[in-house]
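Read the structure below first, then the notes.
Every number here is computed from the coordinates shown, using simple stated rules; none is lab data. Just so it is clear, the structure is predicted and the values come from calculations on it, not from any experiment. Methodologically, a virtual Cβ is constructed for each residue, glycine included, from the backbone with ideal geometry; neighbour enumeration extends over all protein chains shown.
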Amino acid sequence: MIFAPQEWSDNYALMDGVQSTDPQMIDGNLDTIGQAVLTLENTSYRLNDNADFIRNDSIVVVTLPEKKKIYRIILHSENLKHFVVYVDKGKARKGEDWHRVIEMRDVMSRKFDLKPKMPYITDQIKIRILKTHPQVQKQKTFRLDNLMGSGRLNETVITNLSRSRHIPGRIREIEIYGFKTSEQQ
């Protein structure tokens, strides 16, 4: 045999000292659901006279206590439809040198087994969620309009508006793997 068979390492996300945007995403329990954090950057779209659509991407960052060679990332999703996975290359300050690893579009699965074309040595992984199932949540908002010039100077009218907001990504579990080394076997 030329090559010895390789085994996946233990899940790096369950190591002591691992941090995540939401700890429920890395607790080893598929019954818990973590929620990504909405970014501060948002884009507002006018759909018609009565509806606005605001899209905020949502982000998850998992930080390992030390750099590891990453060969595989498994996401157990609740509502992801379009997302991008990045790793921190670590050449600049921590969390500022992101490299795009893989992008998934128009997916319907709840489990994603991502195996990058090449391994990455990193201690941070970022998932940017661009679309979810469903993408938006309807919210009722009200606008108060003063009827100046209408003959009813001190009256206000409440206009019912429909506003949609981006739903943040929800992830049950993030698993991160490398290969076991000969010392670990």
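Points worth noting:
- Here I59, I121, I171, I70 are placed in order of increasing Cβ neighbour count within 10 Å, fewest first, which gives I121, I59, I70, I171.
- Summing +1 for each Lys or Arg and -1 for each Asp or Glu among the other residues whose beta-carbon sits under 12 angstrom from that of E66 gives +1.
- Extending 7 Å from the Cα toward the beta-carbon at both I121 and D31 defines two label points whose distance is 4.1 nm.
- Counting every other Cβ atom within 10 Å of each residue's Cβ, D106, D22 order from fewest to most as D106, D22.
- From least to most packed, judged by other beta carbons within 10 angstrom and beginning with the fewest, T32, T21 follow the order T32, T21.
- Estimated FRET transfer efficiency (D10, M108; beta-carbon r; R0 30 Å; 0.05): 0.50
- Computing FRET efficiency as 1/(1 + (r/R0)^6) for Q19 and K69, where r is the C-beta to C-beta distance and R0 is 22 Å, gives about 0.65.
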